[in-house]
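The values are calculated or read from the model by the stated rules, or taken from the named source; none is laboratory data. All values reported here derive from a predicted model rather than from experimental measurement. In this analysis, Cβ positions are derived from the backbone assuming ideal geometry, glycine residues included, and neighbour counts consider all displayed protein chains.
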Amino acid sequence: MKTAEAYEHEQGWDFEKAAMPYVDSLYNTAYRMTRNSEDAEDLVQETYLKAYKYYDKFEEGTNFKAWLFKIMKNTFINNYRKKKLTPHKIDFSEIEESYERVIQKNAPDLIRDPESEIFQDMMDADVKRALDSLPHDYKMVVLLADIEGFSYKEIAEILDCPVGTVMSRLYRGRKMLERTLLDYARKYGYIRGEAEPAKMRSRKDEVKGRKKKDEKGEETDVQEPEESEEEVLFAEAEDEEFEFEVEEQEEERFEVE
Amino acid sequence: MLCDDYKRVVYFFLDGSVSQRRAVELETHRRDCHDCDERTLVHRKLRDFVKKRLAPISAPEHLKVRLVQSLRIAE
């Protein structure tokens, strides 16, 4: 019979073996979330200690990596709430409007040379900046889907939101990211296209613009500035449910009808 | 299918998340529509580009050491 001590030791070893292979993935996302290595390290460490503490709550047979990411997301939100950082805000209708024109205009330039990178000279820092310019919720789904390769369903689990919300955020997040990259590319002359200045407006401008819209009684996508920052960033956002019917087929696959 | 319908699902199409029936419709539209074909290529290229430029950052060795140590202390 094992002593209690030996059992605990075994459990710890088991956790270490299960969790350590994900450290790079978690750190990568933590780094993108916190934007600096020191905070990323602290976030990963806190995540591991919490995950270890609640390891007996982990349901065998479910996705361990997604479980770790979920703990990290929750830890980040809690820390974030303490710090009360200012969220990035962007006017979606603005993005939506001009994006189609931009992509249409630049498509031939962008795809002409299939071997080359799109914007050869664009710096990694610009891409990072474009990603960071997304509101947190949108940045998270783009990171989890396009960088970490999680399925919609896994992302929904990690972020505690419906799959429709994941899809809606992905749709908008990717669009905003592409739009920002195209703006940079045009600004630095990597692609041609008429000067249509980058319109990533400041928060102040946006609130102004929003008020104007409100006076006209038009609906707007912009979130209420009166909301607390946490709510704005981590809102469940029922209104942004994607309009497609999402049909679950098999276990991990989602179908857009 | 209209271009607007195509635009709404193009990301999910690229994710491979649309039903087979839908994928056939989208593929058919794309074959007949130069704009939507270009659009698809641009989206795909931009996504690949972002992925490449945001190359994964590995956790620093000292963090890995620290994690293992703190887990063993926590036991």
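Of all the residues that make up the range B:13-25, how many are surrounded by 18 or more Cβ atoms within 10 Å (Cβ to Cβ) and more than 10 Å from chain A (Cβ to nearest Cβ)?
The qualifying residues number 0.
Please name all residue pairs, on different chains or six or more residues apart, with Cβ atoms under 6 Å, provided the first residue is in the range B:45-59 and is facing chain A (nearest Cβ under 7 Å) and the second residue is part of a loop (DSSP other than H, G, I, E, B) and of a type outside the set (Lys, Arg).
Between residues of the range B:45-59 that are facing chain A (nearest Cβ under 7 Å) and residues that are part of a loop (DSSP other than H, G, I, E, B) and of a type outside the set (Lys, Arg), the close pairs are B:LYS45/A:ILE118; B:PHE49/A:ILE118.
So, of the residues in the range A:21-37 that are aliphatic (A, V, I, L, M) and farther than 12 Å from A:LEU131 by Cα, which turns out to be surrounded by the most Cβ atoms within 10 Å (Cβ to Cβ)?
A:ALA30
Go through (1) surrounded by fewer than 19 Cβ atoms within 10 Å (Cβ to Cβ); (2) over 13 Å from the mean Cα position of the chain (by Cα) and name the single condition B:LYS51 misses.
With (1) surrounded by fewer than 19 Cβ atoms within 10 Å (Cβ to Cβ); (2) over 13 Å from the mean Cα position of the chain (by Cα) applied to B:LYS51, the lone miss is (2).
Mind checking which helices (runs of 4 or more DSSP H) fall wholly inside chain B and carry at least 3 residues that are at pLDDT below 85 and within 28 Å of A:LEU131 (Cβ to Cβ)?
Counting at least 3 such residues, we get B:34-53.
Suppose the filter is more than 7 Å from every other protein chain (Cβ to nearest Cβ), within 18 Å of the chain's Cα centre (by Cα) and either under 24 Å from A:GLU178 (Cα atoms) or touching a residue at least 24 places away in the same chain (Cβ under 8 Å) (or both); does B:VAL10 pass it?
yes
Which helices (runs of 4 or more DSSP H) does the range A:31-146 wholly contain that include 3 or more residues that are at pLDDT below 90 and either more than 14 Å from every other protein chain (Cβ to nearest Cβ) or in contact with a Phe, Trp or Tyr (Cβ under 6 Å, 6 or more places away or on another chain) (or both)?
Here the list reads A:64-83, A:92-111.
Output yes when any residue across the range B:30-42 is within 7 Å of chain A (Cβ to nearest Cβ), over 22 Å from A:LEU26 (Cα atoms) and hydrophobic (A, V, I, L, M, F, W, C), and no when none is.
yes
Restricting the search to the range B:54-73, which residues are surrounded by fewer than 13 Cβ atoms within 10 Å (Cβ to Cβ) and aliphatic (A, V, I, L, M)?
Matches in the range B:54-73: B:ALA55, B:VAL65, B:ILE73.
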